[in-house]
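The values are calculated or read from the model by the stated rules, or taken from the named source; none is laboratory data. Everything quoted here is computed from the prediction, not taken from an experiment. Cβ placement follows ideal geometry from the backbone for every residue including glycine, while neighbour counts extend to all protein chains displayed. Keep in mind that these areas ignore ligands, DNA and RNA; they rest on the heavy atoms of the full protein, side chains included. Shrake-Rupley method; radii C 1.70, N 1.55, O 1.52, S 1.80 Å.
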Amino acid sequence: MNPRLHPEDFGENPWDPLPALPGHTSRGRLERVLRRGEFAVTAELNPPDSALAEDVYKRAAVFEGWVDAINATDGSGANCHMSSIAICALLTRIGFSPVLQISCRDTNRIGIQGNVLGASALGVNNVLCLTGDGVQSGDHPEAKPVFDLDSTSLLATIRRMRDEAKFLSGRKITTPPPVFMGAAENPFAPPYDFRPLRLAKKVRAGAQFIQTQYCFDVPLLERFMARVRDMELEKHCFILVGVGPLASAKTARWMRSNVAGVHIPDAIIERLEKAKDQKAEGKRICVEIIQQVREIAGVAGVHVMAYRQEEYVAEMVHESGVLKGRQPWRRDLTRPGFDLDQRLTENLARAGEG
Amino acid sequence: MLRVPAAFEPPGKPPRPRDRFALRFWSIRHAGGLARFYAAFERALVAAAPLAARLGWTRLERPVAAVERTVKGALFDCRMCGQCVLSSTGMSCPMNCPKNLRNGPCGGVRGDGNCEVYPEMPCVWVKAWEGSRLMAEGDRIGDVQPPIDHRLKGRSSWLAVAQEKSGTGGAA
């Protein structure tokens with residue numbers, strides 16, 4: 001057996017929750033991998049605009065064996081897609097470790113807390129607390145923005161549910177949700193001096209891991225991380241740096257003027273423009289950034305956001321060498337018990353063809 | 001402060017004249033003085049609490065809220081959320097944030113420090129950070145604020161503070 005494989009990370013059936021290790025708050029693999037000190041890799045799944053489970057499986061299949069957890073976005077960019085909670089539930093059925101993204105834009109505290117309990121019951125171990133993009137940037141600008149909570153108070157709310165077994169109202173929860181709690185940070189947006197402090201606030205409110213916005217400016221991240229280390233925040237939360245390939249200089253331009261919070265230096269765009277094959281160059285830049293951020297003290301992993309280029313994630317993770325031969329979870333069809341759900345296996349095979 | 005020119009560029013919309021927010025920004029520039037004034041004002045409020053209790057908190061609610069709305073509306077574009085956190089947010093009212101964020105900026109702040117949703121408006125939290133640096137107790141910007149209580153909207157936070165700090169509360 002591959003010595004880099006940790007059999008204790010895999011239950012009898014891959015969809016079964018694992019026993020929580022001492023000091024762990026969740027029963028999931030992502031927390032295990034991070035607490036063991038491995039360099040973790042997470043990726044973002046592009047949610048389908050359909051009501052078909054196979055669409056989710058097909059999109060998840062490209063990450064198999066290369067990522068520790070898959071983020072299911074919650075209407076990112078305020079655009080409507082299949083819900084995060086449903087995608088996470090589907091992913092747990094085949095054994096993936098999903099990260100439930102919760103945006104404060106669409107539901108109030110009553111809806112959110114109910115969803116956290118439901119998601120946990122469905123086998124979701126990780127939640128990422130986000131404020132969410134404004135409705136103005138999405139496909140339903142006429143929608144009513146909710147923002148009843150903000151990302152920090154959402155963290156505090158879920159921590160109260162988990163650690164005190166109470167709703168925000170103080171009412172008792174009979175079985176609290178054992179979740180690993182995450183938050184986002186954007187070291188690449190103003191006010192730069194406040195960003196590490198804001199991270200500290202989120203950690204104080206309960207964040208155990210952080211996934212950052214796209215990093216295309218490593219020196220800016222280094223400055224941020226230096227401050228983070230001064231404050232010793234990296235000892236209290238795992239920081240996963242957001243990375244992703246740019247398809248072309250044109251896409252890069254479009255992204256930086258239309259996607260909120262994305263900062264792309266001119267040098268990157270120039271480098272893409274000069275390249276013969278812009279797509280290949282975009283991947284190369286991404287691999288280089290992964291390798292550079294890996295060397296920064298306090299960085300615990302990367303979060304790969306390869307929107308519409310998900311098929312390149314495996315290739316980029318492989319080329320960057322960050323897994324060092326470690327193999328995250330993948331389906332093992334020979335494992336006894338796995339084939340119990342024949343219909344699911346067949347569906348997966350069909351999805352693979354389609 | 002560190003500036004990064006190539007970050008999120010607003011797509012071609014000229015910003016509206018800045019004087020629309022002139023008074024709000026004046027208050028932030030003078031956050032230090034206002035915080036001192038506010039501390040003295042709070043002491044006066046607490047001292048007046050027994051009198052207020054005799055007059056009846058409920059009877060005072062409407063006139064005091066009206067005064068508070070006028071004064072704070074002019075100085076801070078106050079939205080009368082009824083649970084004022086100005087002293088923790090550098091005298092920049094967080095309810096002017098289109099996402100009503102009370103704990104810090106979102107990740108969508110533009111490279112020029114303007115709002116993701118309203119490209120012509122400087123981010124409420126960029127301003128809050130500037131203002132907090134001028135205040136003696138500016139580090140209170142790091143306090144984790146609880147979720148807002150929507151029942152208190154429109155009510156006077158001055159009375160609430162006087163009631164709470166003097167311990168004469170109860171009959172609200």
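Here are some notes:
- Neighbouring partner chain Cβ atoms per residue of A:144-156, average, 10 Å criterion: 5
- Gain on full extension, evaluated as 0.36 nm per residue between A:Ile173 and A:Glu273 minus their Cα-Cα distance, stands at 30.4 nm.
- Kirkwood Rh (inverse of mean 1/r, distinct Cα pairs), chain B, angstrom: 17.2 Å
- A versus B: buried accessible surface, summed, Å² (probe 1.4 Å, to nearest 100): 3100 Å²
- In chain A, the DSSP-assigned H stretches of four residues or longer account for a calculated mean residue ellipticity at 222 nm of -11500 deg cm²/dmol, using -39500 (n - 2.57) per stretch and the full residue count as denominator.
- Here the Gaussian network model covers chain B, with springs between Cα atoms less than 10 Å apart; of B:Arg62, B:Arg20, B:Arg54, B:Arg54 fluctuates the most.
- Amide H contacts of A:Ile264 (H built 1.01 Å from N, under 5 Å, at least 5 apart or other chain): B:Phe8
- Within chain B, helix-based [θ] at 222 nm, where runs of 4 or more DSSP H residues each add -39,500 (n - 2.57), nearest 500: -13000 deg cm²/dmol
- Amide H contacts of A:Gly242 (H built 1.01 Å from N, in plane; Pro and chain starts excluded): A:Thr212, A:Gln213, A:Cys215, A:His303 sit under 5 Å, all sequence-distant by 5 or more or on other chains.
- In region B:36-102, one over the average inverse separation of all distinct C-alpha pairs is 13.3 Å, which is the Kirkwood hydrodynamic radius.
- For chain A, the spherically averaged projection of the C-alpha convex hull amounts to 18.0 nm².
- Cross-link pairs exceeding 26 Å in C-alpha to C-alpha distance, out of A:Lys172/B:Lys99; A:Lys235/A:Lys324; A:Lys201/A:Lys235, comprise A:Lys172/B:Lys99.
- Anchor A:Lys166: lysines whose Cα lies under 19 Å away (excluding residues fewer than 8 positions away in-chain): none
- Peptide A:263-271 has a mean shielding of 2, counted as Cβ atoms of other protein chains within 10 Å of each residue's Cβ.
- Once C-alpha pairs closer than 8 Å and six or more residues apart are averaged by separation and normalised to the residue number of chain A, the relative contact order reads 20 percent.
- Lysines whose Cα lies under 16 Å from that of A:Lys274, excluding same-chain neighbours fewer than 8 positions away: A:Lys250, A:Lys283
- Highest-first arrangement of A:182-194, A:260-272, where packing means the average Cβ count within 10 Å: A:182-194, A:260-272
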